[in-house]
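Trainee: This is the structure I have questions about; it appears just below.
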Amino acid sequence: MEMSFFLLVMVVIIISFVLSFWLLLLHYSWASPPKEMDPIPGSLGWPILGESFSFLSNFSSPCGIYNFIYQRQQRYGKVFKTNVLGRFTIFMSGREASKILLTGKDGIVRLNLFYTGKQVLGPTSLLQTSGDAHKRLRRLIAEPLSVDGLKKYFQFMNRLAIETLDQWPGRTVFVLEEASTFTLKVIGNMTMSLEPTGDEQQKFRANFKLISSSFASLPLKIPGTAFYRGIKARDRMYAMLNSIIYNRRSGNSFQQDFLESLIMKHSKGADEEGSEDNKLTDTQLKDNILTLLVAGHDTTTSALTWLIKFLEENPAVLDKLREEHLEIQANRKGGTNLTWSEVNNMPYTAKVINETLRRATVLPWFSRKASEDFEIDGYKIKKDWSINLDVVSIHHDPQVFQNPYKFDPSRFDAPIKPFSFLGFGSGPRMCPGMNLAKLEISIFIHHLLCRYKWTALEKDDSVQPTLVRMPRNKYPIVAEPL
Ligand code: HEM
């Protein structure tokens, strides 16, 4: 009896799920495909459903979502149209497209987030603003994320990297998990002075994980779904931020962190919501702290993990990089700690980071929406169309990168052609967190290379079903002292 009741509940859940998904697609794709898309090669798939099933099945396949793009490029060429998850959309590649879409002169395009991302990050997030509002927000966050602004967090990152690596020998280490814990502790400390251990850190981490997983979920706000859990976790995160902001304003606590610098210099008091355009409301503060957490965590985690994996697979590069770090260590006058000037003088490390970002392309495409009609490569793009720039192809163009699948940091010895390397993007949306990401990676790699050698426990190149490309097996290794 209990069993059949359970089955009945399961059937009802599955039917409601399928129905909601279908209604959702119906809601978004009721409009017929724009006639102007006819000249663009590609297929819009089934009525309403489009090519969503193929998109979703590639998303969770070992090759990952890029496979969806790759298959269609083989069939249609570097520009094609499709219809996925209720969106008629164009995929494009090449330097011309890259230049037009990223420099977006006079704001011809804006960022195009999925519904889930919009809901979770909030309306005043940097990712949802454009034009002057976007420029203003960028200005406000630029200073604390500048090389000089990051100096005060350097010792924290240094200590944390050493403590993390202390735990590595004698066990299986999942590099992705370690990198994730490291980068989340760094950004939690930087933004709001969160201690790296304890209850608050645990809660912060648990909420962040739920928020992060809700991005690539179906947009169904029904209890039990990933999206619903993400929204609830976001509410808890905001409650935590409310109490921190309240304490800072009432003078109960003072910290030298990112939040403090925004509150001191750029925020409106809780009771002055309407005044002074140049200051941030509490909602803007929270939306943008969350935006930095979300934009900075998975990307840096993924890059650090790929870098360690690529090193192990390319022993000559590993040896050369280790040489750079052992030399820094050997030249150190007294003290065992990495110094600020040392971390800012690691030329080969900088090339290895770039090559990692090229080969791994952690963000496989950049999404935009046309704000007006324009033309790329002879194709007419109409206002409000969604356009995705395929960055994987740009990063593996044999005309620019000889032998593109080889991991070879020396290609960054000479300047790269403009709009060919987009590891941190380009133009007005270029990554504002790139100095932070490079700093975290350089510090971690320094301590890793000076202390350990490691062996991978599996040979597996498949990727996780997430928007940021990460190794599916979390890259398990064993490490031992040099
Ligand atoms: C290795 C690590 C990272 C990589 C590979 C990366 C990559 C990128 C790329 C390619 C873009 C541009 C996307 C586009 O044009 O659509 C971007 C934007 C952005 N990144 Fe990063 N990022 C990294 C780390 C970080 C960190 C640490 C932070 C913050 C603390 C951050 C915050 C942001 C934000 C807020 C944007 C949006 C900027 C805007 O719309 O104006 N990123 N990132």
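The values are calculated or read from the model by the stated rules, or taken from the named source; none is laboratory data. Note that the structure is predicted; figures quoted are calculated from it, not measured. So basically every Cβ, Gly included, is an ideal-geometry build from the backbone, and we count neighbours across all protein chains shown. For the accessible areas, the whole protein counts, side chains as well, though only heavy atoms, and no ligand, DNA or RNA atoms are used. Shrake-Rupley method; radii C 1.70, N 1.55, O 1.52, S 1.80 Å.
Trainee: When you go through PHE17, PHE55, PHE21 one by one, which is the residue that is modelled with pLDDT under 80, in a helix (DSSP H, G or I), open to solvent by less than 30 Å² (accessible area, probe 1.4 Å) and touching a Leu at 6+ places or on another chain (Cβ under 9 Å)?
Mentor: Answer to the selection: PHE21.
Trainee: Please enumerate the residues belonging to segment 433-450 that are within 9 Å of the ligand (Cβ to nearest atom) and either modelled with pLDDT under 95 or polar (S, T, N, Q) (or both).
Mentor: Within segment 433-450, ASN435 is the sole residue that qualifies.
Trainee: Looking at (1) within 13 Å of the ligand (Cβ to nearest atom); (2) basic (Lys, Arg); (3) in contact with a Pro (Cβ under 8 Å, 6 or more places away or on another chain), find the lone condition where ARG139 falls short.
Mentor: (3)
Trainee: Go through (1) crowded, with 18+ Cβ neighbours inside 10 Å; (2) among the hydrophobic types (A, V, I, L, M, F, W, C); (3) away from the ligand (no atom under 13 Å from the Cβ); (4) closer than 29 Å to GLN399 by Cα one by one and return the number of the condition LEU101 breaks.
Mentor: The failed condition is (3).
Trainee: While we're here: Looking for whichever is in contact with a Gly (Cβ under 7 Å, 6 or more places away or on another chain), within 16 Å of the ligand (Cβ to nearest atom) and not β-branched (Val, Ile, Thr) here; the options are LEU145, LEU184, LEU176. Which one fits?
Mentor: After ruling out the rest, the residue left standing is LEU145.
Trainee: Could you please let me know if ILE394 is within 16 Å of the ligand (Cβ to nearest atom), aliphatic (A, V, I, L, M) and touching a strand residue (DSSP E or B) at 6+ places or on another chain (Cβ under 6 Å)?
Mentor: No: the conditions fail for ILE394.
Trainee: From the set of residues in segment 106-117 that are within 22 Å of SER212 (Cβ to Cβ) and within 13 Å of the ligand (Cβ to nearest atom), which is most open to solvent (accessible area, probe 1.4 Å)?
Mentor: This residue is PHE114.
Trainee: In addition: Please specify each residue of segment 384-409 satisfying the condition of being more than 19 Å from TRP365 (Cα to Cα) and open to solvent by 50 Å² or more (accessible area, probe 1.4 Å).
Mentor: Matches in segment 384-409: GLN399, GLN402, ASN403, LYS406.
Trainee: In segment 210-244, what residues are at pLDDT below 90 and among the aliphatic types (A, V, I, L, M)?
Mentor: Once the filter is applied, which keeps residues that are at pLDDT below 90 and among the aliphatic types (A, V, I, L, M), segment 210-244 yields ALA216, LEU218, LEU220, ILE222.
Trainee: All but one of (1) within 12 Å of the ligand (Cβ to nearest atom); (2) open to solvent by 50 Å² or more (accessible area, probe 1.4 Å); (3) more than 24 Å from TYR228 (Cα to Cα) hold for GLN128; state the number of the condition that does not hold.
Mentor: (3)
Trainee: I need the full set of residues from segment 416-431 which are within 7 Å of the ligand (Cβ to nearest atom) and open to solvent by less than 40 Å² (accessible area, probe 1.4 Å), in order please.
Mentor: Result: LEU422, GLY423, PHE424, GLY425.
Trainee: Going by what's in this entry, would GLY198 be described as away from the ligand (no atom under 15 Å from the Cβ) and either on the phi > 0 side of the Ramachandran plot or among the aliphatic types (A, V, I, L, M) (or both)?
Mentor: yes
Trainee: Just to be sure, is ALA437 open to solvent by less than 40 Å² (accessible area, probe 1.4 Å) and in contact with a strand residue (DSSP E or B) (Cβ under 6 Å, 6 or more places away or on another chain)?
Mentor: Answer is no for this residue.
Trainee: Test PHE208 against the criterion of being touching a Gly at 6+ places or on another chain (Cβ under 6 Å) and not charged (D, E, K, R), and give yes or no.
Mentor: When the stated conditions are applied, PHE208 does not pass them.
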